[in-house]
Amino acid sequence: MGLLDKITFRKRDPDPPEAIDLVPGGVRILWPGGAEVTIPFVSLRDACPCAECVDEHTGKKLVDLASIPPDVRPEQILPVGNYAVQFHWSDGHSTGIYSWRTLRDASGLAD
């Protein structure tokens, strides 16, 4: 067994989206290579990775989908460095930082 057999390599973070746009009912994301996905607002709000929504130690979701207003929508999308965006939601929630990995996973796309 060699050294490389003992090392676990972390999956490389995906390249940033080419575009993120609000469209009726969802957030449209255009990924490099041409994959285009529209994630419904409620699904994206449900995917929030912040400590209010996901237990930091166990990874267990803390927010029930039923508690998210069905008409929730982003009121603002802000860039976070070169690795993420932050949504300010109409339900007052704004602490989640959606990395490219989080958005890619929410898009349902395999790497």
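Figure legend. Inter-residue proximity from the range 75-91: first residues surrounded by 13 or more Cβ atoms within 10 Å (Cβ to Cβ) and among the small types (Gly, Ala, Ser), second residues at pLDDT 95 or above and assigned to a strand (DSSP E or B), beta-carbon distance below 9 Å, spacing 6+ or different chains. Indicated pairs: ALA84/ILE97; ALA84/TYR98; ALA84/SER99; SER90/PRO74; SER90/GLU75.
Only residues that are over 17 Å from TRP89 (Cα atoms) and either small (Gly, Ala, Ser) or assigned to a helix (DSSP H, G or I) (or both): list them for the range 33-66, please. Correct list: GLY33, GLY34, ALA35, GLY59. Taken over the range 8-60, the criterion of being at pLDDT below 95 and among the polar types (S, T, N, Q) is satisfied by THR8 alone. As an exercise: evaluate GLU36 against (1) out of contact with any Leu (no Cβ under 6 Å at 6 or more places or on another chain); (2) free of Cβ contacts under 8 Å to residues at least 24 places away in the same chain and give the number of the one condition it does not meet. Status for GLU36: all satisfied but (1).
Does the range 21-30 contain any residue that is surrounded by fewer than 17 Cβ atoms within 10 Å (Cβ to Cβ), in a strand (DSSP E or B) and β-branched (Val, Ile, Thr)? Yes, there is a match, as at least one residue in the range 21-30 is surrounded by fewer than 17 Cβ atoms within 10 Å (Cβ to Cβ), in a strand (DSSP E or B) and β-branched (Val, Ile, Thr).
The values are calculated or read from the model by the stated rules, or taken from the named source; none is laboratory data. Small disclaimer: the values here were computed from a predicted structure and weren't measured. When we count neighbours, we look across all protein chains shown, and the Cβ atoms used for this are built from the backbone with ideal geometry, even at glycine.
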